[in-house]
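The values are calculated or read from the model by the stated rules, or taken from the named source; none is laboratory data. Owing to the predicted nature of the structure, the values given are computational and were not obtained by experimental measurement. Heads up, the Cβs are rebuilt from the backbone with ideal geometry, glycines too, and the neighbour counts pull from every protein chain shown.
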Amino acid sequence: MSGALAELYQQLIIEHSRSPRNQRAVAGANRTAEGINPLCGDQITLQLRVEGDRVADVGFEGSGCAISKASASLMTGAVLGKTLAEADALFEQFHQMVTSRADAPVSDAALGKLAALAGVRAFPARVKCASLAWHTLHAALAGGGAVSTESATE
Ligand code: ZN
């Protein structure tokens with residue numbers, strides 16, 4: 001990754017952590033899950049309103065570090081309006097990205113802005129901050145409940 005691109009990604013993460021998108025309750029939510037990352041203290045409650053096979057609305061509440069907040073903001077923006085299959089595919093792609101080797105190429109064609117979080121690969125403790133929102137999404141789409149990064153299989 002070039003220095004300029006890394007800088008751009010850094011800015012995107014800072015911006016999303018300061019002004020998270022979709023940080024709100026969802027009216028008429030019909031899927032919900034809670035996620036915690038005990039190692040960092042990140043906590044997220046995710047709500048979705050699924051209509052047909054589409055994510056009609058999605059929002060999160062909670063508290064946590066800059067990475068977890070930026071990731072939740074980027075995640076909700078990425079899955080809003082997507083079909084459940086597309087959202088699940090994004091979960092898989094994101095998970096693959098953050099658990100790959102730090103020097104593995106990142107397909108930002110598939111991941112878009114989510115590629116900004118590829119930098120966490122160099123910091124194993126941060127990977128859980130970045131993937132918390134996605135594990136919570138996965139749980140919500142699978143029927144709800146609670147997830148912890150300490151019981152999730154990385
Ligand atoms: Zn964190």
Report task. Considering only residues that are within 11 Å of the ligand (Cβ to nearest atom) and more than 18 Å from residue 108 (Cβ to Cβ), look in region 68-89 and name the one that is surrounded by the fewest Cβ atoms within 10 Å (Cβ to Cβ). Result -> 69
Report summary line: Flagged pairs (Cβ under 8 angstrom, 6 or more apart or on separate chains; first in region 22-40, closer than 17 Å to residue 138 by Cβ; second within 11 Å of the ligand (Cβ to nearest atom) and basic (Lys, Arg)) are 37/128
**Report entry** Where a residue in region 104-127 is among the basic types (Lys, Arg) and its partner, wherever it lies, is surrounded by 14 or more Cβ atoms within 10 Å (Cβ to Cβ) and at pLDDT 90 or above, with Cβ under 7 Å and at least six apart
**Finding:** 113/12; 113/74; 121/98; 121/127; 126/67; 126/120
**Report entry** Search result, residues across region 55-79 that are among the hydrophobic types (A, V, I, L, M, F, W, C) and in contact with an Asp or Glu (Cβ under 7 Å, 6 or more places away or on another chain)
**Finding:** 65
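Taking region 117-142 only, how many residues are more than 24 Å from residue 83 (Cβ to Cβ), away from the ligand (no atom under 11 Å from the Cβ) and touching a Ser or Thr at 6+ places or on another chain (Cβ under 7 Å)?
1
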Report summary line: Filtering region 125-147 for residues that are within 21 Å of residue 16 (Cα to Cα) and over 12 Å from the mean Cα position of the chain (by Cα) leaves a count of 2
Query raised in the report: Restricting region 41-67 to residues that are touching a residue at least 24 places away in the same chain (Cβ under 8 Å) and among the charged types (D, E, K, R), which is surrounded by the fewest Cβ atoms within 10 Å (Cβ to Cβ)?
Result: 53
